Amino acid sequence: MSAVIEAKNITKIFGDEPETAVRMLEQGASKTDVQAETGQVVGLNRVSLSVEQGEIFVVMGLSGSGKSTLIRHVNRLIEPTAGEMRVNGRDILGLDEMALRQFRRKELAMVFQNFGLLPHRSVLDNVAYGLEIRGDGKDERLEHARHWIERVGLAGYEGSQPNELSGGQQQRVGLARALAMDTDILLMDEAFSALDPLIRSGMQDELKSLQKELNKTILFISHDFDEAVKIGDRIAVLNDGAIVQVDRPEDIVLKPADDYVAAFVRDVNKARVIHISTIMERDLESPCGFDITATASCEDALPLFAAHDALAVTNEDGKRVGRITARRVIAALARHAG
Ligand SMILES: Nc1ncnc2c1ncn2[C@@H]1O[C@H](COP(=O)(O)OP(=O)(O)O)[C@@H](O)[C@H]1O
Ligand SMILES: [Mg+2]
């Protein structure tokens, strides 16, 4: 694995006296301390993270925790007060204006919370717009746009105007527009947050299934922990501009780093998050009624226990790696309940 997006010690202070604020942060002052004493707003506090090729990396935190500030550093819409940002191995803070424009067009695409569609252009022209700016020929860009409109399930809507579409459909257009750019990196800032819960859940499923084929590097911002757990390969939790934990969803749920993270974890459906591999016994001998894969969740296993007392756990090659009983699943869920 190689790091596609790499932030090192990024600090962002909003205000005209950043040096004092930076010094205070280094001495351990909190965002609130800095604001009270200097009037400077801490956007980010020494954020370091590394997003690997092909993963969906979710940055999660309450409103005002610095999520948008962080994602805007990746395309350099915001310059850091201190720290380094590398994308595809390159120091993007060193790019001149021309190189920066090229970088934004070729290396990353963004999906916005409020869709950001051009209201008087058709779906087709919205999706083709970025390609037009990039200088693609007309036939080529329209064909490419049609392809992605179909891929996000909007075939037949090419001629519609954005205001004729539902919120979910509009965001499909936003997604198609970003995917049409063929960049390896996708930045999504609360892309599904404006959608109704059911539509939202459908979009999450769809993003995951698209990602299986596309294998992009996705930085996804969310204030919703359930969403983060559902789509994230890894999750970084932000609080007051600082990262408090970076882990796989299951590890965050089982071992929250502090009370702030624990508060998010409390209401999550643990059965969906805990994997069989985490709680199985290494028993390769005892007879079992049925097989289940090690990557399955407790939720997947539960209905099988209606008919079987124990399940053989298998790896991706179908080889037995353990055994799981209903009692063991229930014990794990009870341990992490409430
Ligand atoms: N342009 C700005 N000027 C001053 N303060 C800002 C600016 N942008 C963001 N902030 C502050 O930085 C912090 C992080 O904001 P933001 O990144 O928008 O949070 P989030 O996206 O997690 O809701 C907040 O305290 C916010 O008020
Ligand atoms: Mg935001």
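FYI, it's all coordinate maths here, none of it is from the lab. What you are looking at is a predicted structure, and each value in this text was computed from that prediction instead of being measured. All Cβ positions, even for glycine, are placed from backbone atoms using ideal geometry, and neighbour counts span all protein chains on display.
Cross-link pairs exceeding 25 Å in C-alpha to C-alpha distance, out of Lys138/Lys208; Lys216/Lys270; Lys8/Lys67, comprise Lys138/Lys208; Lys216/Lys270. Distance from the C-alpha centroid of region 303-332 to that of region 255-283: 18 Å, rounded to the whole angstrom. The magnitude of the dipole of region 221-320, with charges of +1 and -1 set on the Cβ of Lys/Arg and Asp/Glu and taken from the Cα centre, is near 80 debye. Along the chain, the exposed loop sites are trypsin sites (Lys or Arg not before Pro) outside DSSP states H, G, I, E and B with at most 16 other Cβ atoms within 10 Å, and the longest stretch free of them is 122-265. For region 85-99, 3J(HN,Hα) computed residue by residue from phi via the Karplus equation (6.51, -1.76, 1.60; θ = phi - 60°) reads 9, 10, 10, 6, x, 10, 6, 7, 6, x, 6, 7, 4, 5, 5 Hz, glycine and proline entered as x.
For the chain, adding -39500 (n - 2.57) for each run of n ≥ 4 DSSP H residues and dividing by the number of residues yields -11000 deg cm²/dmol at 222 nm.
Amide H to amide H, with H built 1.01 Å from N, Lys12 comes under 5 Å of Gly43, Leu44, Asn45, Arg46, Thr81, counting only residues 5 or more places away or on other chains.
The distance from the alpha carbon centre of region 120-186 to that of region 1-53 is 36 Å, rounded to a whole number. Scalar couplings 3J(HN,Hα) for region 148-155, obtained by applying the Karplus form with A = 6.51, B = -1.76, C = 1.60 to θ = phi - 60°, are 6, 4, 5, 4, 8, x, 10, 4 Hz; x denotes Gly and Pro. At full extension, Arg335 and Arg101 could sit 79.1 nm farther apart than now, given 0.36 nm per residue minus the alpha carbon distance. Projecting label points 7 angstrom from Cα along Cα→Cβ for Glu316 and Ser286 puts them 2.9 nm apart. Contact order for the chain, expressed relative to its length and based on alpha carbon pairs under 8 Å spaced 6+ residues apart, stands at 18 percent. Sequentially through region 117-132, phi angles give Karplus couplings (6.51, -1.76, 1.60; θ = phi - 60°) of 7, 7, x, 9, 10, 5, 3, 4, 5, 5, 5, 7, 4, x, 6, 5 Hz, Gly and Pro residues having no value and appearing as x. Computed from the C-beta positions of Asp258 and Lys212, the FRET efficiency with R₀ = 45 Å rounds to 0.85.
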